[in-house]
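FYI, it's all coordinate maths here, none of it is from the lab. All values derive from a computational prediction rather than experimental measurement. Quick reminder, even Gly has a Cβ in these numbers, built from the backbone with ideal geometry, and neighbours come from all protein chains shown.
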Amino acid sequence: MNEEKLKQENEATIASLSPSSAPLVRQILSKGHVPDILTCIANLSSDEVFTPPELVDKMLDIFPEEVWHDSSLKWLDPACKTGVFLRQIAKRLMEGLRDEFPDEEARRQHIFKNMLYGVAITDLTALMSRRSLYTSKNASGDKSIAKFDTENGNISYDNRPHSYKNGACIYCGNKEGGELDRNENQERHAYNFIHLKPEEIKNMKFDVIVGNPPYQLSDGGGTGSSAMPIYQYFVQQAKKLNPRYISFIIPARWFAGGKGLDSFREEMLNDNHIKELFDYPDASDCFPGVSIEGGVLYFIRDSKYSGECKITTILRDDEESSMTRPLSEYDTFIRWNAAVPILRKVQALHEDTLNNRVTNRNPFSLTGKVKLDNIDNPDKVKIYANKQEGFIQRSQIQKNKELIDKYKVLISKAHGIGSYPDTVISRPIVALPRSACTETYLVVGSYKTEEEANNMAKYAKTRFFRFLLSLRKLTQNITANSYSFIPDLSMDREWTDEKLYERYEITDDERQFIESLVKEM
C-alpha cells in the first residue's frame, strides 16, 4: 500500500477512536514514519487485546493457498475490534481473485459484499471496523469503498441483554445484578456471537470463522479471582456453525483447566480436526507490552481433516520447535515438544505419582485470617502462614489432624510465573511435628522421620522435579493435580538431578533443555 493511501486509512480510523486514545496515536504518526495505525492501536492498552496486523498475517499464513482463490467462500470475524482480520483477508482476496475478476472495482464489490462479514463486540468497535474495512463508518455513504444499502454493511452490532436463569446468563455465565447487568443505553458486553439463539444459528452459514475473541468477563472483581474466561464460548459457538475452517487466537490457560475450562480442555484435546497449533508461552511475543498469564496460542481447525496436530512452540521469535503428535496423548496439553520424550521415559516405569500424596487446597481448613499468637506450649500447634508463623490451640484444627504430629514438607500453592528459566515453585519448608499450615500451603508429603522429610524437600528442589511440575502449571496456581507427572519415589535416600537423570536415562540434550526452563534453586 502506498504512503498516501495509508495516511488516508489512518485518518479514517483515528476518527473512530476514543478522545483519550486519538491524541496518542496522532503523536506516534507525527514522527515522520507512517506505520499501520492498527499496529499503534494494538499497543495502546491491555484492557482489550487488539490484534496487530503482523500477527493476523501469521494466522492467515497457515490457511491453504486455495482459499484465496475461491470466490464462493464466506468469511466471518465474530469478535471485531478494529476490523484488522477482515482488512487483511480482503487484501489477500483482492490479489487471489484477480484472474476471476480482472476489473478491480467489480472484484472489490464482490469481496466486500459477498465474502466478508463481521460481528463487533461493542458499538465503538463496529464503527472502527467499518472505518478500517470500508474507509467509512457509514457503509452506505459516499466515502465507503463498498456500496451497501445500509450503514452497517456486513459488520453488525446489537446491544443485546443477557438471558438470565437461576441468577446467571445461560450463554456466558454473567451474574445477574453484576456490573454488566445494565440498561439499553450502556454496553452490556452480551457479545452477539455467543448469545445467538438456536433459531439464529440455523440461518447462519459461513465457510471460515477467524478472529481474536474477548478473553474474560469480569463480575465485579477485576481481572483476578472473579474474572471468568469467556473465549471458550466463541470456539464452541463457531463449531456449532460447522464451517470448513476455524482459526482463533486465545489464552493458553485452558491447558491447565480450572475456572470452568475442564470440559473445554477435554473437548480441545480430543478434537482431531485441529490441524495446526502455534503456542506462545510468552504472550508479549504476540502482543507487545501485554501480559497474559500462561501465554497464548492460535490454531486452525479443518472440519475435513482428521489426524494428529502439528504443534509449533515459539519463544522469543528466534526459538521455535515443531512436532506432529496427538493432542489427546495426555490429559493436559504439553506445550514443549522436547518435553514429550522425557515424559514418556518417566511414565514408562509406571511409578506411583505424587499427586496421590499431596493434600488438597487448604489442608487444615485454616484461612489466612486465623489469629495467631507467639505463646508456645504443649497444647498448641505451630502454624505456618503467609510470611509469618505463630501458634493456635490444637483443638482449633479439625481437618487432617493425623498430619499434625508428623514431619511435613510444605510448598506454597501459588507461585508467580517469571521469565525462563524459572524457579516454578517457592522454597519447600520442612515442618516439624506439632505443626500445621494455613491455606497458603499444600502438604506435599508427610513422614515419620525428619530424614525422609529433608529428602523430600531436596527432591522438590531438583530441576527435574520442578520441570515435571511446570508441565502442568500454566498459571501461578498449584494444585495437587499439578504433581501428577512427578514420580512418588522412596524418601529413604537423597535424590539429586544427577541421580534422577540417570534413573530416567535423560540425555545431555534433554538435560540442557530442562535446565533452559528451570533455574537452580
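Restricting the calculation to alpha carbons of segment 82-121 gives Rg and Dmax of 10.6, 35 angstrom.
Once you divide the Cα radius of gyration of segment 55-251 by 2.2 N^0.38 Å, the number left is 1.07. With both residues required to sit in the chain, DSSP beta bridges show an antiparallel share near 70%. Each principal axis of the Cα cloud of segment 424-465 was evaluated for its coordinate range; sorted largest first, these ranges are 30, 25, 11 Å. Among Pro78, Phe278, Ser132, which residue has its Cα furthest toward the positive end of the charge dipole of the chain, with +1 on Lys/Arg Cβ and -1 on Asp/Glu Cβ? After comparing all options, I get Pro78.
Checking the cross-link pairs Lys240/Lys473; Lys259/Lys473; Lys259/Lys304 against a 22 Å limit on the alpha carbon distance flags Lys240/Lys473; Lys259/Lys304 as lying beyond it. Our estimate of slack between Met521 and Thr150, defined as 0.36 nm per intervening residue step minus the Cα-Cα distance, is 127.2 nm. Counting Lys and Arg as +1 and Asp and Glu as -1, what is the net charge of the other residues whose Cβ lies under 12 Å from the Cβ of Ala256? Summing Lys/Arg as +1 and Asp/Glu as -1 gives +3. How high is the FRET efficiency from Asn183 to Met228, r the C-beta distance, R0 22 Å, rounded to 0.05? After rounding to 0.05, the efficiency reads 0.50. With viscosity 0.692 mPa s and temperature 37 °C, the Kirkwood radius over alpha carbon pairs of segment 319-428 converts through Stokes-Einstein to a diffusion coefficient of 182 µm²/s. With N the number of residues in segment 247-292, Rg(Cα) / (2.2 N^0.38 Å) evaluates to 1.26. Can you tell me how segment 253-337 classifies by the Cα gyration tensor, rounded, prolate or oblate, using a/c under 1.5 as the rounded cut? Taking the square roots of the gyration eigenvalues as a ≥ b ≥ c, segment 253-337 is oblate.
Can you tally the net charge around Glu515? Count Lys and Arg as +1, Asp and Glu as -1, for every other residue whose Cβ sits under 9 Å from the Cβ of Glu515. Counting the neighbours of Glu515, the net charge comes to +1. What would the Debye formula give as log10 I(q)/I(0) at q = 0.24 Å⁻¹ for the alpha-carbon point model of segment 66-167, no solvent? Here log10 of I(q) over I(0) equals -1.25. In this rough spin-label picture, where each label sits 7 Å from Cα along the Cβ direction, the Ala106-Ala348 distance is 6.4 nm.
The overall shape of segment 111-182, judged from the alpha-carbon gyration tensor, is prolate: a/c is not under 1.5, and a/b is greater than b/c. Within the set [x] -0.18, -0.95, -1.36; [y] -0.25, -1.02, -1.26; [z] -0.44, -1.00, -1.16, the number that log10 I(q)/I(0) by the Debye sum over Cα atoms at q = 0.05, 0.11, 0.13 Å⁻¹ takes when calculated for this structure is listed as [y]. Contact order for the chain, expressed relative to its length and based on alpha carbon pairs under 8 Å spaced 6+ residues apart, stands at 10 percent. When you filter the trypsin sites (Lys or Arg not before Pro) in segment 146-221 for DSSP loop state and at most 15 other Cβ atoms inside 10 Å of their Cβ, you are left with Arg182, Lys205. Using only the Cα atoms of segment 354-517, build the gyration tensor, take square roots of its eigenvalues as a ≥ b ≥ c, and label the shape rounded, prolate or oblate: rounded if a/c is under 1.5, else prolate if a/b is larger than b/c, else oblate. Here segment 354-517 falls in the prolate category. In this label model, Asp61 and Tyr164 are separated by 4.8 nm, measuring between points 7 Å along each Cα→Cβ vector.
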